[in-house]
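Heads up, the thing below is written out as structure tokens.
The values are calculated or read from the model by the stated rules, or taken from the named source; none is laboratory data. Please read all numbers here as calculations on a predicted model, not as lab measurements. Every residue, glycine among them, receives a Cβ derived from its backbone with ideal geometry; neighbour counts consider all protein chains shown.
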Amino acid sequence: MGEAISDIEDGLTTAGRFEPHQRHFRGVLAMAQLDFVAQNWNRADWKLTHDQVLDELSAGWVQLLT
């Protein structure tokens with residue numbers, strides 16, 4: 001997961017988004033969201049369809065990273 005977090009941080013740096021001290025942590029949060037959903041995909045009662053879960057996860061990433 002560390003490599004993915006670094007890749008997100010690098011992308012945010014290249015895009016000039018956020019302050020330098022924020023970029024790594026935003027990568028951590030983004031990957032934590034993805035990891036939690038992936039680990040609980042079939043066993044959690046999300047009260048959403050799989051498509052809705054993906055829509056919400058995508059919206060969260062857009063909010064977090066743009």
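Summary of values
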| quantity | calculated |
| --- | --- |
| Cβ pairs under 9 Å, 6+ apart, first in the stretch 1-12 and farther than 15 Å from Thr66 by Cα, second loosely packed, with under 13 Cβ neighbours inside 10 Å | Met1/Ala32; Met1/Asp35 |
| Counted residues, the stretch 28-66 - those being more than 26 Å from Asp7 (Cα to Cα) and either of a type in the set (A, V, I, L, M) or within 8 Å of the chain's Cα centre (by Cα) (or both) | 2 |
| Some residue of the stretch 35-56 being surrounded by 15 or more Cβ atoms within 10 Å (Cβ to Cβ) and of a type outside the set (A, V, I, L, M) | no |
| Residue that is surrounded by the most Cβ atoms within 10 Å (Cβ to Cβ), among those in the stretch 16-31 that are among the small types (Gly, Ala, Ser) and closer than 14 Å to Val62 by Cα | Gly27 |
| Complete set of residues in the stretch 8-66 that are in contact with a Lys or Arg (Cβ under 7 Å, 6 or more places away or on another chain) and charged (D, E, K, R) | Glu9 |
| Residue in the stretch 1-15 that is surrounded by the fewest Cβ atoms within 10 Å (Cβ to Cβ), counting only those that are under 13 Å from the mean Cα position of the chain (by Cα) and either β-branched (Val, Ile, Thr) or outside any helix (DSSP H, G or I) (or both) | Met1 |
| Answer residue from the stretch 16-26, given it is in a helix (DSSP H, G or I) and in contact with a Leu (Cβ under 7 Å, 6 or more places away or on another chain) and is nearest to Leu65 (Cα to Cα) among those | Arg26 |
| Flag if Ala59 is modelled with pLDDT of 95 or more and surrounded by 12 or more Cβ atoms within 10 Å (Cβ to Cβ) | no |
